[in-house]
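Note sheet for the following structure.
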């Protein structure tokens, strides 16, 4: 079981919603023990956020520029997140956790902008806890529902498709809110 937990810890650092849904489902079917697994993934999420925060904090703007040059992140997105932080929008730390593809970037930018590490640590305890509970609950509940409708393959495919689309739609909605209410200010040279 140690190897399973080690793999789960490492994957949790880099993966997101999909893994939490899988873990919640695995808890429901009895493959993973509930509380022990929930605590493990909570610690892994918190630790993973701090890795990305520390990379940004330690290496700063040049690191973000290098990632943008290698096309690993979009410079325009970095500027949007920076703009939100500059206007006192630390709420982005919470919102980014639920926006597909925005979480790690936000942690990097928070670090690069030298966001107060103690405040960051306090924020992330709450944010990580809420995020893990929500996604484990969804995965657990989804597995419970699937066990009732498993014999109907068409319903299963429709349910999986709707959940996948809902996760992607949530990311687009948060992206739209960021674009609409926090536009990137053009700098004049």
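A short reminder: the numbers here are calculations on the coordinates, not readings from a lab. Remember, it's a predicted structure, so these values are computed and weren't measured experimentally. Here Cβ is always computed from backbone atoms with ideal geometry, including for glycine, and neighbour counts include all displayed protein chains.
Summary of values
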{"read-out": "For the chain, Kirkwood radius (reciprocal of mean inverse C-alpha pair distance, Å)", "value": "17.8 Å"}
{"read-out": "Neighbour-count ranking [beta-carbon atoms within 10 angstrom, fewest first] of 51, 3, 73", "value": "3, 51, 73"}
{"read-out": "Degrees separating the helix 117-149 axis from the principal Cα axis of the chain, which is the longest one", "value": "30 degrees"}
{"read-out": "Kirkwood Rh (inverse of mean 1/r, distinct Cα pairs), the stretch 68-158, angstrom", "value": "15.4 Å"}
{"read-out": "For 130, 23, 41, order by how many other beta-carbon atoms lie within 10 Å, fewest first", "value": "130, 23, 41"}
{"read-out": "Quarter of the Cα convex hull surface for the stretch 1-91, i.e. its orientation-mean projected area (nm²)", "value": "7.5 nm²"}
{"read-out": "Over the chain: helical MRE at 222 nm, DSSP H runs n ≥ 4 each giving -39500 (n - 2.57), nearest 500", "value": "-27500 deg cm²/dmol"}
{"read-out": "Inverse of mean 1/r across different Cα pairs in the stretch 1-43, Kirkwood, Å", "value": "10.2 Å"}
{"read-out": "Principal-axis tilt of helix 17-29 within the chain, Cα atoms, nearest 10 degrees", "value": "20 degrees"}
{"read-out": "Most mobile listed residue (148, 49, 175) in the chain, GNM with C-alpha springs under 10 Å", "value": "148"}
